[in-house]
Amino acid sequence: MTSYRADQVGEQVREEIMSIIRRELRDPRIGFVSITAVRMSPDLRNARVRVSVLGNPDQKKASMKGLDSAKGLIRHELGRRLQNLKFSPDLRFELDPSIEYSVHISELLKEVLPASEEGKK
């Protein structure tokens with residue numbers, strides 16, 4: 001169970017990382033990336049960053065490598081922007097397939113629903 005402070009800091013870290021990725025990173029490997037969640041450790045020194053990447057498996061792998069190589073820059077910028085923390089958290093990026101899964105389910109529902117509606121008419 002996480003604390004309220006860890007949740008609040010995690011949300012703030014998520015917003016700042018998204019801002020850094022959009023505005024400051026110039027790595028061509030990083031494609032369409034979305035930060036879905038950030039889980040902070042209780043001491044706020046470690047952050048697990050859940051990332052959703054749109055694209056084929058090669059693009060996902062390249063985006064994750066780009067994020068891992070930019071980890072130092074992102075951490076430095078976080079330390080500069082988040083003045084309320086004593087330490088800049090150590091970042092660990094993890095691939096989050098939830099958005100891709102929801103798109104897949106939505107496509108399956110679109111295939112099924114029109115057929116069931118035609119039977120009603």
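The values are calculated or read from the model by the stated rules, or taken from the named source; none is laboratory data. Just so you know, these numbers come straight off a predicted model, no measurement behind them. Cβ coordinates were reconstructed from backbone atoms using ideal geometry, including for glycine residues, and neighbour counts include every protein chain displayed.
Laid out as a table, the results:
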item: Ser63 hydroxyl-bearing (Ser, Thr, Tyr) and surrounded by 14 or more Cβ atoms within 10 Å (Cβ to Cβ); result: yes
item: Identity of the residue in the range 1-54, over 12 Å from the mean Cα position of the chain (by Cα) and assigned to a strand (DSSP E or B), that ends up nearest to Lys65 (Cα to Cα); result: Asn46
item: Number of the condition not met by Asn56 [criteria: (1) under 21 Å from Gly79 (Cβ atoms); (2) out of contact with any Pro (no Cβ under 6 Å at 6 or more places or on another chain); (3) of a type outside the set (Val, Ile, Thr)]; result: (1)
item: Residue check for Ser88: surrounded by 15 or more Cβ atoms within 10 Å (Cβ to Cβ), of a type in the set (Ser, Thr, Tyr), at pLDDT 90 or above and assigned to a helix (DSSP H, G or I); result: no
item: Identity of the residue in the range 23-68, touching a strand residue (DSSP E or B) at 6+ places or on another chain (Cβ under 7 Å) and among the β-branched types (Val, Ile, Thr), that ends up nearest to Leu95 (Cα to Cα); result: Val51
item: Residue within the range 104-116 that is polar (S, T, N, Q), more than 19 Å from Ala6 (Cβ to Cβ) and more than 18 Å from the chain's Cα centre (by Cα) present; result: yes
item: Residues located in the range 43-57, provided they are surrounded by 14 or more Cβ atoms within 10 Å (Cβ to Cβ) and of a type outside the set (Ser, Thr, Tyr); result: Leu44, Asn46, Ala47, Arg48, Val49, Arg50, Val51, Val53, Leu54, Gly55
item: Arg80 closer than 22 Å to Arg5 by Cβ, at pLDDT 90 or above and exposed (fewer than 13 other Cβ atoms within 10 Å of the Cβ); result: yes
item: Test: Arg75 is touching a residue at least 24 places away in the same chain (Cβ under 8 Å), assigned to a helix (DSSP H, G or I), farther than 26 Å from Ser102 by Cα and of a type outside the set (A, V, I, L, M); result: no
